[in-house]
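Undergrad: Sharing a structure with you now.
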Amino acid sequence: MEQQQYETYTDLAVEVKESFPGDGGEIPGVVLEEEVLRDTKMKVTRVVIETREGSQAMQKPIGTYLTLESPYFSDGDSVHAERCGKILAEYVRELLPSGCKNVLAVGLGNQGLTADALGPRTIQHLWITRHLAESDAGTALCGMVPGVMGQTGMESAEMIRGVIREVQPDALIVIDALAARSASRLGTTIQLSDTGIHPGSGVGNHRDGITQGSMGVPVIAVGVPTVVGTATIACDTLDALTQMLEQNKSTRQLGKNIREFAPAEKYRLVRELLEPRLSAMFVMPKDMDVLVGELSELLAEGINRAVLGAAG
């Protein structure tokens, strides 16, 4: 998926859907369902892209995208983590093919970079059972961390295809860090999809896709946004300033004038002001190292329960 020069990029299907104007942002060929779970107050949004027209409008492949949102994902509370892990497992299990007995989990990203270490650190917390399952006929879960091309000289997709030939899994679960449009979703949102993933697309570093078409087995993508673009933060700040101006009688007209800018036009203006260096920067929260640690444990908890039926 090509990043548009003057559009705020996001890996989250729910944010793409929210960007469409009109009554509820209706898009032909795209179905949206929202639910708030009573016990945990977790918001679950299901975006299903059913047609080619919907895929073109969303600039995402046909398939199912599940977005889970909760401030409890990374609050450090073990009770919340266990509850969220059980819920996450239900949705991962929903996307996995039935009768799945051999699963390969892949942690994408650079473990040396905090905001990109989510995938590798999640693999560390998985309950790896393939070497045990061969003797007791149980479900086999194995994991790999292919690193990044700058470290290995190989595409992640190339390495994964080689492992698939040897392991012959029924499905892949691919974990990766994502980019968001809204800073409020950093560390508080999990996206699941059955469409696979394109490593590095969120920061404009396009690599070979890891999809069912390229791998030959179903691919479940699990991701959490860890970075947001500087232009997006500047636009959010401008929106907050506009709201303040509109509340003051002496500056109300100025606020209304700024409000008349279309989102794409406003984003283009901000990017031009930030050129050439700042516009290409991505920002993460200062406590992202802690967030990645907690989120990787949560993702592993959900995957362990979904694949093995137990906590790791």
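Undergrad: Based on this model, can you work out whether Glu260 counts as over 27 Å from the mean Cα position of the chain (by Cα) and over 17 Å from Ser182 (Cα atoms)?
TA: Yes, satisfied.
Undergrad: Now a separate question. Run Val103 past the list (1) hydrophobic (A, V, I, L, M, F, W, C); (2) at pLDDT 95 or above; (3) closer than 29 Å to Pro285 by Cα and report the number of the one that doesn't hold.
TA: With respect to (1) hydrophobic (A, V, I, L, M, F, W, C); (2) at pLDDT 95 or above; (3) closer than 29 Å to Pro285 by Cα, Val103 is out only on (3).
For (1) surrounded by 16 or more Cβ atoms within 10 Å (Cβ to Cβ); (2) under 30 Å from Ile123 (Cα atoms), each residue gets a yes or a no:
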{"site": "Gly213", "(1), (2)": "no, yes"}
{"site": "Gly216", "(1), (2)": "no, yes"}
{"site": "Val228", "(1), (2)": "yes, yes"}
{"site": "Ala264", "(1), (2)": "no, no"}
{"site": "Arg277", "(1), (2)": "no, no"}
{"site": "Lys286", "(1), (2)": "no, yes"}
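Undergrad: Let me ask you something else. Count, please, the residues in region 130-172 that happen to be assigned to a loop (DSSP other than H, G, I, E, B), farther than 16 Å from Gly107 by Cβ and modelled with pLDDT under 90.
TA: Residues that pass the stated criteria total 4.
Undergrad: Inspect all residues belonging to region 163-177 and state whether any of them is closer than 14 Å to Gly223 by Cα and in contact with a Ser or Thr (Cβ under 8 Å, 6 or more places away or on another chain).
TA: Within region 163-177 (the criterion being closer than 14 Å to Gly223 by Cα and in contact with a Ser or Thr (Cβ under 8 Å, 6 or more places away or on another chain)), the answer is yes, since at least one residue qualifies.
Undergrad: Does region 274-308 hold any residues that are of a type outside the set (Lys, Arg) and free of Cβ contacts under 8 Å to residues at least 24 places away in the same chain, and which are they?
TA: The answer is Glu275, Pro276, Asp287.
Undergrad: Got a sec? Which of Leu96, Leu118 is among the aliphatic types (A, V, I, L, M) and crowded, with 20+ Cβ neighbours inside 10 Å?
TA: Leu118
Undergrad: Just name the residue that is nearest to Val92 (Cα to Cα) out of those in region 230-262 that are of a type in the set (A, V, I, L, M) and surrounded by 14 or more Cβ atoms within 10 Å (Cβ to Cβ).
TA: Within region 230-262, the match that is nearest to Val92 (Cα to Cα) is Ile233.
Undergrad: Could we say that Ala115 is among the aliphatic types (A, V, I, L, M), closer than 30 Å to Ile27 by Cβ, out of contact with any Gly (no Cβ under 6 Å at 6 or more places or on another chain) and part of a helix (DSSP H, G or I) here?
TA: The answer is no for Ala115.
Undergrad: Given (1) surrounded by fewer than 19 Cβ atoms within 10 Å (Cβ to Cβ); (2) closer than 20 Å to Val292 by Cβ, identify the lone condition not met by Ser156.
TA: (1)
Undergrad: So, one more: Would you confirm whether or not region 70-87 contains a residue that is assigned to a strand (DSSP E or B) and either surrounded by fewer than 16 Cβ atoms within 10 Å (Cβ to Cβ) or in the same structural domain as Ala180 (by the TED database) (or both)?
TA: No, the conditions are met nowhere in region 70-87.
Undergrad: If you scan region 101-113, which residues turn out to be buried (at least 20 other Cβ atoms within 10 Å of the Cβ) and more than 13 Å from Val163 (Cβ to Cβ)?
TA: Listed by number, the residues that qualify are Leu108, Gly109.
Undergrad: May I pose another question? Suppose the filter is outside any loop (DSSP other than H, G, I, E, B) and either among the small types (Gly, Ala, Ser) or surrounded by fewer than 14 Cβ atoms within 10 Å (Cβ to Cβ) (or both); does Glu35 pass it?
TA: Yes: the conditions hold for Glu35.
Undergrad: Pick out, from region 228-312, the helices (runs of 4 or more DSSP H) lying fully within it that include 2 or more residues that are at pLDDT 85 or above and touching an Asp or Glu at 6+ places or on another chain (Cβ under 7 Å).
TA: The helices (runs of 4 or more DSSP H) meeting that bar are 252-259.
The values are calculated or read from the model by the stated rules, or taken from the named source; none is laboratory data. Just so it is clear, the structure is predicted and the values come from calculations on it, not from any experiment. Every residue, glycine among them, receives a Cβ derived from its backbone with ideal geometry; neighbour counts consider all protein chains shown.
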